[in-house]
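Single-structure report; data block below.
The values are calculated or read from the model by the stated rules, or taken from the named source; none is laboratory data. From a predicted model like this one, the values you see are computed outputs, not experimental measurements. Cβ sites come from the backbone with ideal geometry, for glycine too, and all protein chains shown count toward neighbours. These area figures cover heavy atoms from the full protein model, side chains too; ligands, DNA and RNA do not enter into them. Shrake-Rupley method; radii C 1.70, N 1.55, O 1.52, S 1.80 Å.
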Amino acid sequence: MFAGPLAAQPTSTSLSGNYLPQVLAASQTHRDSLTVLIKGQPGLPFWVRSLVRQPRYVALASQEVRVKDAPMQLFRACEARRCEASWLRALFSADGKRVLLYISDDKLGIKIFGDPTPQELAFIARP
């Protein structure tokens, strides 16, 4: 669907093959970035509100992608037993200091956090 610089291009394994619950547990930077992004935001699914505290969701292995030649870490997660109805994509900078979030929920709609560029949005908006 996307070609050229928008296509996900796996590179080194350092940002690939990781799972969001483990990264959040191990990295204070990732944890803080995500917490600040979603804290106090209205209309979030309950499982998203508890991403950091209680990892009760299904998470796929991360993928390293390049956005305008900058390596970023893309995570996919969804509500257990409702993956088609409630899911998210999180895109972290390589250092974990910046995070973008795209949430799709059949009851609450679509929410986008972190002010993504059009190139970043292309990665997080596709299911």
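Can Leu24 be described as closer than 25 Å to Ala122 by Cβ and out of contact with any Lys or Arg (no Cβ under 8 Å at 6 or more places or on another chain)? Judged against the criteria, Leu24 is not a match. Only one of the numbered conditions (1) assigned to a loop (DSSP other than H, G, I, E, B); (2) polar (S, T, N, Q); (3) surrounded by 15 or more Cβ atoms within 10 Å (Cβ to Cβ) is not met by Ser33, and that is (1).
Considering (1) touching a Lys or Arg at 6+ places or on another chain (Cβ under 9 Å); (2) among the aliphatic types (A, V, I, L, M); (3) buried (at least 18 other Cβ atoms within 10 Å of the Cβ), the lone condition that Leu51 does not fulfil carries the number (1).
Pairs are defined by a Cβ separation below 7 Å, a sequence spacing of at least 6 or placement on different chains, a first member in the range 39-59 that is at positive phi, and a second member that is aliphatic (A, V, I, L, M); the pairs so defined are Gly43/Leu108.
Quick one: count up the residues across the range 39-58 that are charged (D, E, K, R) and part of a helix (DSSP H, G or I).
So the answer is 1.
Would you check which residues across the range 100-127 are on the phi > 0 side of the Ramachandran plot and crowded, with 17+ Cβ neighbours inside 10 Å and list them? The one that is on the phi > 0 side of the Ramachandran plot and crowded, with 17+ Cβ neighbours inside 10 Å: Gly114. If the condition is being outside any loop (DSSP other than H, G, I, E, B), open to solvent by less than 30 Å² (accessible area, probe 1.4 Å) and free of Cβ contacts under 8 Å to residues at least 40 places away in the same chain, then the range 67-99 contributes Cys78, Glu79, Arg89, Leu91, Ser93.
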